[in-house]
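Here the structure comes first, spelled out in structure tokens, and everything after it is commentary.
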Protein chains: 2
Amino acid sequence: MQKLKQLNHLLIEFYDKLSSWEQSVVKETGYTLAQVHTIEVLGSHGPMRMKELADRLSITTGTLTVQVDKLVKAGLIVRLPQESDRRSILVDLTPEGRALHEHHNALHLALVEDLTRHLSSEEQQMLITSMTKINREF
Amino acid sequence: MQKLKQLNHLLIEFYDKLSSWEQSVVKETGYTLAQVHTIEVLGSHGPMRMKELADRLSITTGTLTVQVDKLVKAGLIVRLPQESDRRSILVDLTPEGRALHEHHNALHLALVEDLTRHLSSEEQQMLITSMTKINREF
DNA sequence: TTATTTAGTTTGATTATCAAGGTATCTATT
DNA sequence: AATAGATACCTTGATAATCAAACTAAATAA
């Protein structure tokens, strides 16, 4: 029970710190949090339809339409109408969008490297194992 | 390097899932995410001044003033003017606010219990150790 | 005393978001 | 084939969160 409380607190603390880190990192790009988040999802999962993207971002397709409009205007993504289903639209990164993702992802990797540098190889391995189990349960 | 990528991905996945979970849990309370987040911080760290609360929430004091107005009106918190420094104001939970925090916190604990139930006692212990180190570095 | 810093508030503008309604397209049923 | 229902996306109107900048009051330093 004490362990649970402790773990709960640690996970929340990590969440808050990551949230704050992301905010400050995003601010420097000149884009908004929602925009960068959209780029992140497209960058790490590849092109996808509006519906799926909205689901992954936990927003409605209505909200996403507005967001995608801005990103298209900014030259970061493109809308690709689908022949197979003419209702749906594939959204994909432009080279500029991909560049932004690469850059942002590099910052994430550098952060994780920094955060885990005092973990032994064994601890790192077990952290991977544990987080995998946790995410699977989520 | 492969490990880093893997860990980065796992942490982001966890973050996104927790974010989504929090959103749906908060929705059921009838309060907004920002409101519940404010209650959470006050509940787990105790009463504090506007400035400190704003810092912990990563928002400006201007934003917080508006937020606190709403929470006071909703009966969840109170403003306690300080005699020692008459510029500053201590913000604290009312019994109603505390009840909301208790309830929300219980959901968090239940979630963590659920997520970690397939971890061995040893894994749980090492997860605590690792997350402690990570948060310290953050 | 005067100047500077600090704590909190107010205001105006921007962004993100949702719910609800609308259009076009696809799918299943008759 | 015709119709009904479901799905994908878009549009619109309203609300919430946020910041920057200007403001007030109080504390602190010169």
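Every read-out reported here was derived from the displayed coordinates using simple, explicitly stated rules and does not represent laboratory data. Here the structure is a predicted model, which means the values were calculated and not measured. We place every Cβ from the backbone using ideal geometry, glycine too, and count neighbours over all the protein chains shown.
Numbers at a glance
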quantity	calculated
Quarter of the Cα convex hull surface for the protein assembly as shown, i.e. its orientation-mean projected area (nm²)	17.2 nm²
Residue of A:Asp85, A:Asp16, A:Asp69 that the Gaussian network model of chain A assigns the largest fluctuation, springs spanning Cα pairs under 10 Å	A:Asp85
Residues B:His108, A:His118, A:His9, sorted so that the one with the fewest Cβ neighbours within 10 Å comes first	A:His118, A:His9, B:His108
Most mobile of A:Glu113, A:Glu123, A:Glu40 in a GNM of chain A (Cα contacts under 10 Å)	A:Glu123
Which of A:His37, A:His45 has the fewest Cβ neighbours within 10 Å, and the rest in rising order	A:His45, A:His37
Likely footprinting exposure, B:Phe138, B:Phe14, fewest C-beta neighbours within 10 Å first	B:Phe138, B:Phe14
Square roots of 5 times each gyration tensor eigenvalue, C-alpha, chain A, largest first, Å	33, 18, 15
Label distances, nm, B:Glu137 versus same residue in remaining copies, Cβ-directed 7 Å point	2.4
Candidates A:Arg98, A:Arg117, A:Arg79, ranked by Gaussian network fluctuation over chain A, Cα under 10 Å, top entry	A:Arg117
Distances in nm from B:Glu123 to the matching label points in the other copies, shortest first (labels 7 Å along Cα to Cβ)	1.9
Residue (of A:His108, A:Ser24, B:Leu71) at the positive-pole extreme of the protein assembly as shown, dipole from beta-carbon charges	B:Leu71
